[in-house]
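Heads up: the structure comes next, in structure tokens.
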Amino acid sequence: MQATRVSDLLKIKYPIIQGAFGGGLSSTKLLATISNAGGLGSFGAHHLSSDQIRSLSNEIFSMTTRPFAINLWISDHDKNGLQLNQKDFEKAYQVLKPYFDELKLPKPDYPSRFGEKFSEQIEAILEVRPPVFSFVYGIPDKTILDECRKKSIITIGTAITPDEAVALDEAGVDLIVATGFEAGGHRVAFLKEAEKSLFGTLSLIPQTVDRVKAPVIAAGGIADQRGVKAALALGAEGVQIGTAFLATEESNAGDLHRSKLFSSEARYTDLTRVYSGRLARGMENKMMLEHVGHAPYPAQGWFTGKIKSEAIKQGRADLMSLWCGQSAPLIKYHKAEEVFNSLLIGSLNEEKV
Ligand SMILES: Cc1cc2nc3c(=O)[nH]c(=O)nc-3n(C[C@H](O)[C@H](O)[C@H](O)COP(=O)(O)O)c2cc1C
């Protein structure tokens, strides 16, 4: 596979990135497998405290000497989401109570916080100095980007519209992931509402490439060599794959979720705010289709996380997020290295494997 500005800047052999998974679905094993194979492995750390990020980084540095990325969410809450007051807590609980009751879960206590703070997490990132810091939901302050540059940490920002890509480019972010709405997981909008920022990969990539100087990595809907070739033909210089790696044995997805990714149910996905309070793509299931409403992020995710832990124990795939991209029906492989090798192309017209 040809070198590009993406592989050169990231100092990797092939411009293939294993996308980060937040919420506990990333694994150091998956990251190390991909980094050691010559791509860039990533770990989604937005749910981790600063101390957890420090130990995560020690573990990763012991597993690979190759470049890897740690990933955070810049905007860490929506209005009132970090400090939902008691009254709104009660309201949010009442909306979700039927699911708590169905699973025989007691009402949870009001917590001291609903999620981690970016301001604390970024301190840990700057201290542990991962080779690459990737992020979604915005642009870090200039002081943070300057500090990354000083410490030789390469930055990758994520855009879901061409305007967002221009904003990242103007801020001096090193590389830009442009993610179409086919992708599994969250629509990481930061200039406009997510619902008003829905671009498909085929439209997003060429428009983005035409407007930015930074190299562009295409994401969303890429699951085999046809997708890789299409992305490169549109002007991307690298690809980021999520769902196909999420389905592998090395990811931290549970068996229930993984088996669903290989099932015919993965043909039917939709965008919903019901699981986290922010718009995200997953498989259609009872909880998504019932559309009960939502509290702001991250409070909604705090509640549904409790439902999900119990739903997993009870084998109830209808009451948990089943994140999944639109190209899941294309996935074939159960091992991360097989997925990785299957994506390598000699050139745009030639298959390597
Ligand atoms: C379960 C799940 C969690 C994700 N979490 C994050 C995240 O925390 N940060 C991030 O940058 N991207 C995240 N993504 C996006 C992926 O890294 C990747 O860009 C996307 O899945 C690519 O589209 P695809 O699923 O069609 O391959 C997530 C995707 C999934 C499926």
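The values are calculated or read from the model by the stated rules, or taken from the named source; none is laboratory data. Source: prediction; values computed, not measured. Cβ: placed from backbone, ideal geometry, glycine included. Neighbour counts: every protein chain shown.
Can you name every one of the strands (runs of 3 or more DSSP E) wholly within the stretch 249-353 that holds 1 or more residues which are at pLDDT 95 or above? So that I can check it myself, show each step before the final result.
Numbers: elements: 269-272, 280-283, 345-347.
The strands (runs of 3 or more DSSP E) meeting that bar are 269-272, 280-283.
Of R258, R278, which residue is buried (at least 21 other Cβ atoms within 10 Å of the Cβ) and of a type in the set (K, R)?
Numbers: R258 fails: buried (at least 21 other Cβ atoms within 10 Å of the Cβ).
The unique qualifying residue is R278.
More than 21 Å from S75 (Cβ to Cβ) and within 12 Å of the ligand (Cβ to nearest atom), is that true of L246?
Numbers: more than 21 Å from S75 (Cβ to Cβ): yes; within 12 Å of the ligand (Cβ to nearest atom): yes.
Taking the combined requirement at face value, the residue satisfies it.
Mind listing whichever residues of the stretch 227-242 are under 18 Å from G38 (Cβ atoms), away from the ligand (no atom under 15 Å from the Cβ) and not in a loop (DSSP other than H, G, I, E, B)?
L232 - this is the single residue of the stretch 227-242 that is under 18 Å from G38 (Cβ atoms), away from the ligand (no atom under 15 Å from the Cβ) and not in a loop (DSSP other than H, G, I, E, B).
Is it fair to say G254 is under 16 Å from Y99 (Cβ atoms) and not hydroxyl-bearing (S, T, Y)? Walk me through it before giving the result.
Numbers: under 16 Å from Y99 (Cβ atoms): no; not hydroxyl-bearing (S, T, Y): yes.
The answer is no for G254.
Quick grid of which residues meet (1) in a helix (DSSP H, G or I); (2) closer than 22 Å to G81 by Cβ; (3) basic (K, R):
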residue	(1), (2), (3)
P106	no, no, no
P111	no, yes, no
E116	no, yes, no
F135	no, yes, no
I139	no, yes, no
L145	yes, no, no
S152	no, no, no
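Quick grid of which residues meet (1) in a helix (DSSP H, G or I); (2) hydroxyl-bearing (S, T, Y); (3) modelled with pLDDT under 95; (4) within 9 Å of the ligand (Cβ to nearest atom):
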position: D169; (1), (2), (3), (4): yes, no, no, no
position: V177; (1), (2), (3), (4): no, no, no, yes
position: L191; (1), (2), (3), (4): no, no, no, no
position: A214; (1), (2), (3), (4): no, no, no, no
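Would you pick out the residues in the stretch 312-343 that are among the aliphatic types (A, V, I, L, M) and either surrounded by fewer than 16 Cβ atoms within 10 Å (Cβ to Cβ) or within 16 Å of the ligand (Cβ to nearest atom) (or both)? Write out each step before concluding.
Here is the first cut: in the stretch 312-343, the ones among the aliphatic types (A, V, I, L, M) are 312, 317, 319-320, 322, 328, 330-331, 336, 339, 343.
Passing the criteria: I312, A317, M320, L322, A328, L330, I331, A336, V339, L343.
Residue under question is G41, and the condition is that it be part of a loop (DSSP other than H, G, I, E, B) and closer than 21 Å to L175 by Cβ; does it hold? So that I can check it myself, show each step before the final result.
Details: part of a loop (DSSP other than H, G, I, E, B): no; closer than 21 Å to L175 by Cβ: yes.
Criteria not met by G41.
Among the residues of the stretch 176-187, write down those that are touching a residue at least 60 places away in the same chain (Cβ under 8 Å), of a type in the set (A, V, I, L, M, F, W, C) and buried (at least 24 other Cβ atoms within 10 Å of the Cβ).
Just the residues of the stretch 176-187 that are touching a residue at least 60 places away in the same chain (Cβ under 8 Å), to begin with: 177, 179, 181-187.
Applying the additional criterion that residues be of a type in the set (A, V, I, L, M, F, W, C) yields 177, 181, 183.
Within the stretch 176-187, V177, A183 meet the criteria.
Are any residues in the stretch 193-212 over 17 Å from the mean Cα position of the chain (by Cα), closer than 18 Å to G157 by Cα and assigned to a helix (DSSP H, G or I), and if so, which ones?
L204, I205, P206, Q207, T208, V209, D210, R211
Scan (1) buried (at least 21 other Cβ atoms within 10 Å of the Cβ); (2) at positive phi for the single condition H291 breaks and write down its number.
(1)
Here is a list: G44, G24. Which entry is buried (at least 21 other Cβ atoms within 10 Å of the Cβ), within 16 Å of the ligand (Cβ to nearest atom) and under 18 Å from the mean Cα position of the chain (by Cα)? Even if it seems obvious, please write down each step before you answer.
Numbers: G24 fails: buried (at least 21 other Cβ atoms within 10 Å of the Cβ).
Unique residue meeting the criteria: G44.
Here's the yes/no breakdown for (1) modelled with pLDDT of 95 or more; (2) over 30 Å from A247 (Cβ atoms):
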| site | (1), (2) |
| --- | --- |
| T28 | yes, no |
| L72 | yes, no |
| Y93 | yes, yes |
| D101 | yes, yes |
| F114 | no, no |
| S119 | yes, yes |
| A124 | yes, no |
